[in-house]
Each structure stands twice: as C-alpha cells, then as structure tokens.
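Below is one structure; the comments refer to it alone.
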Amino acid sequence: MATFIDIAAFKEPVIILSAAAIVVPLFHRFKISPVLGFILCGILLGPSGLGGLVDNVPWLSAFTIQDRASIATMAEFGIVFLLFAIGLELSFERLNLMRKVVFGLGSVQIVISALVIGGFCYFALRISGVSAGVLGIALALSSTAIVLQTLAEQKRLSSATGRGAFGVLLFQDLAVVPILFALSMLAPDRLGLGTFGLIQSLVVALLAVVFTIVVGRLVLRPLFRQAARTKSPEIFMAACLLVVIATSLGSAAAGLSMALGAFVAGLLLAETEYRREVETTIEPFKGLLLGVFLVSIGMSVDSAKIFERPLEIALSILGLIGVKTAIIAGFAPFFGIKRASAFKAGLMLGPGGEFAFVVLGLAVTEKLISPDQADFALLVGAASMCLIPLLANYSLAPTGHKPSQNDSEFKLASEASQSEQPHVIVAGYGRVGMVSVDLLAEHTIPYVAIDSDLDRVQRARKMGRKVYFGDASRGEFLRACGIDRARALVVTMDGGAAVDQVVKAARLEQPDLPIVARSRDGAHAVHLYSLGVREAVPEALEASLQVGEAILVEAGVPMGQILVAIHNKRASMRAALLEASTAATPSERMRVLRDQHLQAMSRVGKQ
C-alpha cells in the first residue's frame with residue numbers, strides 16, 4: 001500500500017534547488033556573481049514578486065514562495081554554516097599577522113560608521129537612541145559573502161585592495177557575535193530583570209561559551225580521529241554535521257544565537273589537523289544553505305516600496321556607500337594602506353551586508369526597533385548589495401602597477417592573511433615529503449602538507465609541522481588548500497596510481513600550476529610528463545646517480561667535475577624522458593626509452 005506523501009511540503013526545497021541548479025549557473029555564465037543570482041531569485045519568486053500574484057494567478061503558487069518563514073530554518077542554518085566556516089579560517093597566528101588591518105582599521109570602520117549612521121538617524125530622522133544605534137550598527141556591516149566571492153572570482157584577494165577589504169570584513173565577522181549578544185541583553189524583557197537579572201543572564205551566557213570550549217577541546221579531536229580512521233567520507237561528513245548542529249542548538253538552548261556556537265566550534269577546529277578536510281566536507285552544505293539565506297534576503301525586498309520612495313532609497317544607498325567609503329579611505333593610511341587602494345576597498349565595503357539582516361531581524365524580535373524602520377533599512381541594504389559586483393568592476397580594475405617586495409602595500413598584502421600567501425602544497429608526508437617540508441621550512445617558504453595517514457599527520461603536528469589530514473586527489477580539497485594561490489605542487493606519495501590521481505586533479509583545478517612529482521621509474525616518469533608535470537623525479541634513476549657520485553668520489557675525481565658530470569647526466573636523462581613522453585602510444589614511449597638506453601650504453605663502451 002502506497003504511503004501518502006504531501007508534495008506541497010517539498011515545494012520550497014525544490015524551488016531552492018532549482019535556483020541553485022539552473023539560475024545560478026546561468027548568472028555564472030554571464031560572469032554575474034551567483035550570490036546576486038540567489039538574491040534576485042528571492043525578489044522574483046518572493047511575496048513582492050511573482051508570489052504576490054498568486055491570488056490572481058493560482059497556478060503560480062507551485063513555483064513561488066509566499067511566506068519567508070517557510071524557509072527561515074534553512075536560512076538560519078546558512079548563517080550557522082557561514083560562521084562555522086569563518087571560525088575554521090581563523091587562528092591566533094593569522095590574527096597576529098593581520099592585527100593592524102583587522103583590529104585597527106576594522107574597529108575604526110565599524111565604530112565610526114555606526115556613530116555617523118546612527119547619529120544621522122537620531123538627529124535627522126528623530127528616532128529613538130536605541131533604534132538609531134541598532135540601525136547604525138546593522139548598516140555599518142558589509143557583505144562578507146558577496147565581497148569575498150567577487151574577490152576570489154577575479155583572483156584579487158592578494159592585491160592591496162583585496163587584503164584591506166578582507167581585513168575589515170574579518171573584524172566585522174568577529175564583531176557580529178558580541179553584537180548579537182548585546183542586542184539580546186538590551187531586550188526590554190531582560191532589561192526589566194534589573195541589574196541582578198542582567199548579570200545572571202550574562203553569567204549563563206559566558207558559562208555556555210566556556211562549556212562549549214572545554215567540551216570541544218576534550219571531544220572534537222577524538223571524535224574526528226575516530227571518524228577519520230574509518231576512511232569513510234560518509235562517517236566524516238556525519239561527524240562534521242553533528243558538530244555544527246549540536247553546538248548551534250546548544251548555544252540556542254543557552255539563550256544565545258545559534259551562529260555563536262558554530263563559530264566557537266569552527267575556531268576550536270581551526271588549529272587541528274582536520275581543518276582542511278572539515279572545510280572541504282561542509283563546503284557544499286554551506287554554499288547551498290547560504291544560498292537559501294540569500295534567497296530569504298531577496299524575499300525581504302519589497303520591490304513595490306522602491307517605486308513608492310525611489311528618491312529616498314536612492315539617496316540612502318548613495319549616502320551609505322559614500323559614508324563608509326570615506327571613513328575607510330580616510331583612516332586606512334594610518335594602518336599602512338595607501339589611500340587609492342583603501343578607496344577601492346571602501347567602494348566594495350560601502351553597501352550593506354547579509355549580517356545586517358540577522359541584526360535587524362533579532363532587533364525586531366527583541367522589540368528594539370519597529371518593523372517599518374527595519375523594512376526600510378533592509379530595503380536599502382539589499383538594494384545596495386546588488387551593486388557590489390558593479391562597484392567591484394571599478395575597484396578591482398588593474399592599475400598597471402606591479403608591487404615589488406619593497407612596496408609597503410605588498411608587504412601589507414603578504415602579511416594580511418596566512419592562508420592567502422603564495423605557498424607550496426606538498427601531497428604526501430612520507431620520507432620524501434618530510435625532507436621536502438624540512439627544506440621549505442628552513443628557507444621560510446610557506447607550505448601546506450597533506451597526508452591521508454592519520455597517525456603520520458598526528459606525529460607531524462606534534463613536531464610543529466603544518467600537515468593536514470585529507471585526500472589530495474579531490475579537487476575540492478585542493479581548493480581548500482589554496483591551490484589557486486599556490487606557487488607549486490609537490491607530489492611525494494608512494495604508489496604510481498595515487499600520484500597520477502593527484503596530478504590529474506591538480507591539472508583540472510590549475511592547468512598552469514608547476515608540479516614536481518615523485519615517480520617509481522623512468523616509464524612512470526614518462527607517463528607523468530605526458531600528464532603535464534613540470535618535473536618527474538624517478539626514484540631508481542636518482543638512486544643510480546647517487547651511487548655514481550659515490551663511486552667517482554672514491555675514485556678520486558675532483559668534486560667540481562663530479563657535480564658537473566652528475567648535473568649533465570641528470571639533464572640528459574630528463575631530456576630522454578621528456579622526448580619519450582611526446583610519443584603517441586605507451587609502446588612507442590618504451591621503444592624511445594630503450595633506444596636511448598642502448599645509445600647511452602654504446603657511448604660508455606666506446607669510452
């Protein structure tokens with residue numbers, strides 16, 4: 001007997017998935033930010049778009065979302081996963097490297113912007129001090145999701161403009177947690193508890209955070225260690241989702257925001273060897289659920305009100321962007337960023353941000369601001385966010401100036417973010433990978449090492465090496481390791497098939513990336529050269545060169561002549577392998593190698 005299924009219950013998920021699978025790729029094809037695609041889908045399919053026509057055209061109800069509350073839970077988890085991912089990206093070392101931009105310019109920007117915007121609302125619009133303060137704080141925030149994605153798409157994260165914007169956004173993300181907590185404490189029902197009640201609520205909240213940190217330090221590593229030992233992606237994914245959901249629900253149970261618990265969990269995992277694999281695992285969930293949140297933002301935009309008050313909204317948008325840009329451009333030089341670069345960063349940070357919707361939503365719930373005031377601010381924020389891709393086309397335009405190592409902006413850019421530095425990825429931390437990492441560390445070259453052997457990773461972490469657990473043959477994992485910013489990839493794994501898989505995955509992600517790969521023998525080296533590696537190092541041939549060098553030393557040949565002879569021999573062997581790699585078939589490659597070997601033996605016999 002067939003079970004009755006309520007098809008209507010699946011309407012919202014199907015609409016969201018349709019937007020992700022159809023509309024967003026279409027925007028991407030025309031080089032429009034997918035984030036903007038989600039927002040426009042919300043505007044089009046929401047109650048102020050086609051959803052508002054359902055009463056007159058009933059069949060539209062199957063393709064539209066009439067109530068924003070129907071996707072509120074999924075949207076909330078979009079912010080939860082975003083804060084968890086932000087926590088994963090943070091570390092004390094990274095914050096120390098970025099302290100001038102993050103805690104200097106970031107704090108100045110948000111404080112002064114909130115005071116200017118809030119002051120205007122209080123004195124010019126004659127609204128209450130609390131409401132003005134809430135509006136000032138909410139509109140002082142910028143869009144982490146859109147700005148960072150735009151920077152990444154245009155590969156400008158390492159520019160002075162991109163680094164300055166990233167630093168300010170990072171402080172804003174850090175500030176969201178105390179902002180949400182402060183709004184909860186300012187709620188009329190809590191203020192009415194008196195000083196003792198307020199202190200009690202504060203103590204409960206702090207105890208909840210401390211409890212999360214303590215339990216996290218005790219539980220997270222063993223949990224992920226057991227999940228990793230199963231070598232099952234499904235079990236590891238289940239552990240990731242369990243941590244995100246459990247910490248967010250625990251935070252909510254303590255009276256705090258769900259995002260706070262997820263942020264703390266991400267922060268605790270940031271220093272562990274599982275960070276890269278966790279980041280890779282949650283990326284699809286974060287992207288899709290954040291898309292739901294962006295759709296909900298679009299649904300918050302009442303397009304009819306834009307036509308009712310077009311001049312007021314346009315002036316508010318221009319004023320918002322102008323004030324924030326002026327503040328960033330004015331104060332950035334005090335923190336080592338040139339004014340021109342700061343002005344371009346300010347243009348991207350000037351519009352509103354997704355966290356403004358979280359702040360204003362909580363403020364309305366806690367009765368700190370009226371719904372009408374929140375609706376107007378949301379309308380200004382959402383409309384200004386749609387302008388970010390257009391503003392980015394100007395702010396990220398190339399200037400023709402190539403920074404040198406002595407350029408102060410370049411130095412600032414190099415220090416701004418640990419994970420954004422040009423680095424070398426070392427796939428495999430066995431005996432060969434260990435030597436490679438030691439050499440990189442001795443020459444202070446940034447690196448990220450990867451290995452799928454958990455015990456090996458844990459031993460390396462105890463020695464202070466930056467080695468992460470994960471599968472380097474997965475393209476999404478290589479992206480999490482920053483392959484788009486990498487100087488080179490070194491593949492040192494033992495086993496021909498494993499090396500081939502990593503090389504192929506890296507080639508799909510970055511076709512021009514220099515790859516140095518370990519190979520079993522000459523035939524495998526030929527195969528790797530055909531896959532596009534820059535250097536293939538055959539173990540057998542290198543061992544024969546070392547033996548030959550030792551023989552020449554014992555024979556009394558001067559070291560200078562030995563070095564020249566070994567260098568020439570290695571070069572000729574490499575040339576032979578490269579020539580063989582251009583052959584059309586494997587049999588032809590083997591024939592070329594055999595002929596070259598016979599020619600070399602013939603030359604030795606004549607000598």
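Some points to look at:
- Only residues that are in a loop (DSSP other than H, G, I, E, B) and either outside the structural domain of G118 (by TED's automatic domain parsing) or hydroxyl-bearing (S, T, Y) (or both) were counted across the range 363-374, and they come to 1.
- Some residue of the range 77-84 being of a type outside the set (A, V, I, L, M, F, W, C), part of a helix (DSSP H, G or I), at pLDDT 80 or above and in the same structural domain as I282 (by TED's automatic domain parsing): yes
- Single unsatisfied condition, L320 versus (1) at pLDDT below 85; (2) of a type in the set (A, V, I, L, M, F, W, C); (3) touching a Gly at 6+ places or on another chain (Cβ under 7 Å): (1)
- Only one of V448, V437 that is of a type in the set (V, I, T), over 29 Å from I235 (Cα atoms) and modelled with pLDDT of 85 or more: V437
- Any hit, the range 59-74, residues being closer than 30 Å to A326 by Cα, surrounded by fewer than 17 Cβ atoms within 10 Å (Cβ to Cβ) and either assigned by TED's automatic domain parsing to the domain that holds G287 or under 20 Å from the mean Cα position of the chain (by Cα) (or both): no
- Condition check for G495 on (1) at negative phi; (2) free of Cβ contacts under 8 Å to residues at least 40 places away in the same chain: one failure, at (1).
- Which listed residue, of E234, E283, E271, is modelled with pLDDT under 80 and either of a type outside the set (G, A, S) or in a helix (DSSP H, G or I) (or both): E271
- Close pairs (9 angstrom Cβ cut-off, 6 or more residues apart or separate chains): hydroxyl-bearing (S, T, Y) in the range 21-38, modelled with pLDDT of 75 or more and not in a loop (DSSP other than H, G, I, E, B) anywhere: S33/F27; S33/I146; S33/I388; S33/P389; S33/A392
- Odd one out for A377 among (1) in a helix (DSSP H, G or I); (2) in contact with a helix residue (DSSP H, G or I) (Cβ under 7 Å, 6 or more places away or on another chain); (3) over 20 Å from A304 (Cβ atoms); (4) modelled with pLDDT of 90 or more: (3)
- Among residues of the range 111-126 that are within 12 Å of V323 (Cβ to Cβ) and among the acidic types (D, E), none has a Cβ under 8 angstrom from a residue that is at pLDDT 95 or above and surrounded by 13 or more Cβ atoms within 10 Å (Cβ to Cβ) at a sequence gap of 6+ or on a separate chain.
- Subset of the range 241-255 (residues that are surrounded by fewer than 22 Cβ atoms within 10 Å (Cβ to Cβ) and either assigned to a loop (DSSP other than H, G, I, E, B) or of a type in the set (A, V, I, L, M, F, W, C) (or both)): L241, L242, I245, A246, L249, A252, A253, A254, G255
- The helices (runs of 4 or more DSSP H) found entirely in the range 418-487 that carry 3 or more residues being farther than 22 Å from E509 by Cα and of a type in the set (V, I, T) are 431-442.
The values are calculated or read from the model by the stated rules, or taken from the named source; none is laboratory data. The structure presented is a predicted model; accordingly, all values stated were derived computationally and were not measured. Every residue, glycine among them, receives a Cβ derived from its backbone with ideal geometry; neighbour counts consider all protein chains shown.
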